[in-house]
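The values are calculated or read from the model by the stated rules, or taken from the named source; none is laboratory data. All values reported here derive from a predicted model rather than from experimental measurement. Backbone-built Cβ (ideal geometry, glycine too); neighbour counts: all protein chains shown.
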Amino acid sequence: MLVALHHAFYVFLPDLQVALAGRFDPGHYGVLVFFLVSGYIVPASLERHGSVRVFWISRFFRLYPLLAVACLLGVLPFLLGVRGLRAGLEEFDPLTAVVAHATMLQDLLAVPNAINVLWTLSYEMAFYLLVVALWAVGWQRRSAPIAAGLAVLALPAGLLPAALLARTAGVGPVVAAAAAVLAVAVAAAMSERPGPRTAGGLLGGLLALALVAANSRVEPWEGAVMLAVMFAGTAVYRAERGQVSRRATALGLGAVAAASLAAVAWAPRQDAAGAQTWQARWIWTSSLLLAAATFGAAWLLRRRRFPRWATGLGTASFSVYLLHPILLMVAAQFLGRTGRMDVPGMLVFVAALVALSAASYRWIEAPAQRAGRRLARRAVRGRVDRSPVATAVPR
């Protein structure tokens, strides 16, 4: 909701947006909280099932159905001939753009996002690939040192330019190569045989690291910090479950904080007058610290009961995240609701967003998740039926 409100300020409360500019970025803060929570939850999902195949099936049915609907709605005005594509996207071959979005890595493939918020899902996908890679080699409990290492790597990454591979080889070839590698990596990682599973996991992890370091549309240090933040959430999960010592985790998280803030202080590029440097540093610093404080407070309250409206909003949060830009596009481009302070319009937007997200969850997300669970159960049963032990068990 913070991300949605931040974007809505541009349309309905532009004066407030101007007042916040350079001081605090609610969207940036919200995304970092999201990354921490994702890091805390996603590895638990993989370990609960104990199967890479089930993990990828569940991720696909969790994300792709609504993502496909949202992308279609995002480009529908262009398909109907009433509006152009989002800025920058019209420069790309349609097949290249579609393939890039199908991988969910488009922001790491130097392809503009069909919807502005989709860039975070590219880092989410990179995180998935790294989580599977660590699982494949048995390093899944080394979350704290991995988080610290990624944060430390953000310092030299500040010397690297954005989208280096795409500038060198061209966007189309990079997209094609990345899509092929991703398909092979996921297919191999889903194998029941240890060799291909390990090779596929490692291949996917190497792809994620290469794209973050050498082909992101943002500067590589930012990508490294965001991955470090996600693995910091994973480290908290490990410590909570008693898988690693809390002292080692605290030291690792301290290293993440120190290295990330050092990267923020050193890496942002200056313009000719140096005007944006301190603003960028302050927004990154304040967002990191506030996101860590928010996550910490929520972790301390994790055993408390929350009101149903809050948990209901959390359940539909993916719909809120993907659909709010569509509503804002309708309000700004088709209803002309922009350029002036409009508090009633903001309230209507929030009410419409919550209602639409609840409907989206009920009619798109929930059925897709149920289908994914059914398919995952069949995959698990097939694995058990083929095992040597299972054949000796009376049915």
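Of note:
- The condition of being of a type in the set (Lys, Arg), part of a helix (DSSP H, G or I) and surrounded by fewer than 22 Cβ atoms within 10 Å (Cβ to Cβ) holds for only one of Arg141, Arg167, that being Arg167.
Rundown of residues vs (1) of a type in the set (A, V, I, L, M, F, W, C); (2) within 18 Å of Ser38 (Cβ to Cβ), yes/no style:
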position: Gly195; (1), (2): no, no
position: Gly200; (1), (2): no, no
position: Gly205; (1), (2): no, yes
position: Val212; (1), (2): yes, yes
position: Trp221; (1), (2): yes, no
position: Met226; (1), (2): yes, yes
position: Met230; (1), (2): yes, yes
position: Gly233; (1), (2): no, yes
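- Residue match in the stretch 96-103 (condition: in contact with a Phe, Trp or Tyr (Cβ under 9 Å, 6 or more places away or on another chain) and either closer than 19 Å to Pro367 by Cα or not hydrophobic (A, V, I, L, M, F, W, C) (or both)): no
- Test result for Ala147, at pLDDT below 90, buried (at least 17 other Cβ atoms within 10 Å of the Cβ) and hydrophobic (A, V, I, L, M, F, W, C): no
- Among residues of the stretch 48-107 being in contact (Cβ under 8 Å) with a residue 60 or more places away in the chain and in a loop (DSSP other than H, G, I, E, B), the one that is nearest to the chain's Cα centre (by Cα) is Leu105.
- Scanning the stretch 102-114 for residues that are surrounded by fewer than 24 Cβ atoms within 10 Å (Cβ to Cβ) and modelled with pLDDT of 95 or more yields a count of 3.
- When the criteria are applied in full, Leu32 fails the requirement of being at pLDDT below 95, touching a helix residue (DSSP H, G or I) at 6+ places or on another chain (Cβ under 7 Å) and either surrounded by 21 or more Cβ atoms within 10 Å (Cβ to Cβ) or hydroxyl-bearing (Ser, Thr, Tyr) (or both).
- Residue within the stretch 354-374 that is touching a His at 6+ places or on another chain (Cβ under 7 Å) and either farther than 20 Å from Thr120 by Cβ or assigned to a helix (DSSP H, G or I) (or both) present: no
- Tally of residues being in contact with a Lys or Arg (Cβ under 8 Å, 6 or more places away or on another chain) and not hydrophobic (A, V, I, L, M, F, W, C) across the stretch 215-272: 5
- Going through (1) closer than 30 Å to Pro65 by Cβ; (2) of a type in the set (Phe, Trp, Tyr); (3) surrounded by fewer than 15 Cβ atoms within 10 Å (Cβ to Cβ) one by one, Tyr237 falls short only on (3).
- Filter pass, Ala316 being within 29 Å of Ala257 (Cα to Cα) and of a type in the set (A, V, I, L, M): no
- Within the set Val380, Val350, the sole residue that is at pLDDT 95 or above, part of a helix (DSSP H, G or I), aliphatic (A, V, I, L, M) and surrounded by 13 or more Cβ atoms within 10 Å (Cβ to Cβ) turns out to be Val350.
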